[in-house]
Amino acid sequence: VFCDVSEDDYTLDPNHLEKILTITNDVIAVVVVSCFGHVPAMQRITDLCKEYNVYLIDDAAQSIGGICNGKPLSGWGDVGILSFGHSKIIDVGYGGAILTDDTSIYQYCKDLNETLPLIDERVLKLRSIYSKTYYTVEKLASENEELSALFWPFPQIFKELYIFRDTDLNRRIDDIIDNIDNLPAILGERKRYWDIYRDRLKKHRSIKLPRMCDGMSPWRFTFRIQKTKRTSLVEGLRARNIDVSTWYPSLQPRYPVSEPGNFINCGVANTLSYELVNLWIDPLNTNLSRVLYTCDIIDELLHPNYLINK
Ligand SMILES: Cc1ncc(COP(=O)(O)O)c(C=O)c1O
């Protein structure tokens, strides 16, 4: 069952969640994602999960260090998720953590871990096939939405890519610990770039900025732009070698579930598919002059529409 997201911070919309929980009994667990490092309405979502007796999975893969009402993201709910994978706030190449106070969930995950395949050449090869296949299908789906259904078998075909065991676990754990010590500095730098983007881009008429959230740990600087302008903006930035992405597309068209009661249109997520743009704010891949240069290029590309409150 897909739940819609809020239009100003792109995280799970509790009103939509409530609507789903009242009309279907099919939900076993709710996965709330602190997308882009934004802070979801955790208290309300937790209360709803308790009221309807469903598990809560607090996926903080993009928001380590984030806080909601004084409590860390990943610390809400029955299970918390962290990622230390490629491009995450703490990036050691691979790996993640599952956090829980529930001993039966802990034991289940521990046993499952023993059964996972080790990463090997075959998995690495599968990864390059995955990228090619993903972007080919994405292009086809952008030309004809019905072809989005080609994504349906991906989780089955590429299962081994999503979850495997590391061959170099101890070294990676040491790397993670070093990075955790450095987390306040990493987040400070990220927030600084996030604030600069927000401040510099607010003058553009065609751009809608994300809501500021207390306690956020920004992963990307993400904003909305009118659909008609997004392609030229993104192509213009890429032509100047500036990293930019249009993630995340709505998953709803890719998994056309049609059981009665299960399908409530995710209108906001479906619109965001065509409007989101995200810029890099990690100190490993960008720096102050690069951020300022990116803002200058955006001003240039959106000219003459930007001079609203200069
Ligand atoms: C929200 C979210 N959850 C989970 C994951 C999975 O993390 P990993 O790549 O470490 O498997 C990601 C990674 O992109 C993510 O963004």
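Numbers for the structure displayed
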{"read-out": "Residue match in the stretch 113-136 (condition: among the aliphatic types (A, V, I, L, M) and either over 19 Å from LEU161 (Cα atoms) or within 11 Å of the ligand (Cβ to nearest atom) (or both))", "value": "no"}
{"read-out": "Output for the stretch 88-113, where each listed residue is part of a loop (DSSP other than H, G, I, E, B) and of a type in the set (Val, Ile, Thr)", "value": "ILE89, ILE90, VAL92, THR100"}
{"read-out": "Counted residues, the stretch 15-42 - those being open to solvent by 20 Å² or more (accessible area, probe 1.4 Å), touching a strand residue (DSSP E or B) at 6+ places or on another chain (Cβ under 7 Å) and assigned to a loop (DSSP other than H, G, I, E, B)", "value": "1"}
{"read-out": "The stretch 87-107, residues that are away from the ligand (no atom under 16 Å from the Cβ) and of a type in the set (D, E, K, R)", "value": "ASP101, ASP102"}
{"read-out": "The stretch 273-296, residues that are part of a loop (DSSP other than H, G, I, E, B) and touching a Lys or Arg at 6+ places or on another chain (Cβ under 6 Å)", "value": "TYR274, GLU275, ILE281"}
{"read-out": "Selection within the stretch 126-151 - open to solvent by 50 Å² or more (accessible area, probe 1.4 Å) and modelled with pLDDT under 90", "value": "ARG127, SER128, SER142, GLU145, GLU146"}
{"read-out": "TYR55 vs. criteria open to solvent by 80 Å² or more (accessible area, probe 1.4 Å), more than 11 Å from the ligand (Cβ to nearest atom), in contact (Cβ under 8 Å) with a residue 12 or more places away in the chain and in contact with a strand residue (DSSP E or B) (Cβ under 9 Å, 6 or more places away or on another chain)", "value": "yes"}
{"read-out": "The stretch 1-29 residues that are of a type in the set (S, T, N, Q), paired with ones that are modelled with pLDDT under 95 (beta carbon under 8 Å, 6 or more apart)", "value": "THR24/VAL1; THR24/GLY261; THR24/ASN262"}
{"read-out": "Exclusive hit being of a type in the set (Phe, Trp, Tyr) and closer than 17 Å to LEU284 by Cβ, set PHE158, PHE221, PHE151", "value": "PHE221"}
{"read-out": "Set LEU12, LEU21: member being more than 10 Å from the ligand (Cβ to nearest atom), more than 15 Å from the chain's Cα centre (by Cα) and over 25 Å from TYR193 (Cβ atoms)", "value": "LEU21"}
{"read-out": "Odd one out for GLY85 among (1) open to solvent by less than 30 Å² (accessible area, probe 1.4 Å); (2) not in a loop (DSSP other than H, G, I, E, B)", "value": "(2)"}
{"read-out": "Selection count where residues are in a strand (DSSP E or B) and either hydrophobic (A, V, I, L, M, F, W, C) or within 13 Å of the ligand (Cβ to nearest atom) (or both), scope the stretch 69-82", "value": "4"}
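The values are calculated or read from the model by the stated rules, or taken from the named source; none is laboratory data. Treat the numbers as computed from the prediction; the structure is a model and nothing was measured. Note: ideal-geometry Cβ built from the backbone for every residue, glycine included; neighbour counts use all protein chains shown. Note: accessible area is taken over every heavy atom of the protein model, side chains too, but ligands, DNA and RNA are not part of it. Shrake-Rupley method; radii C 1.70, N 1.55, O 1.52, S 1.80 Å.
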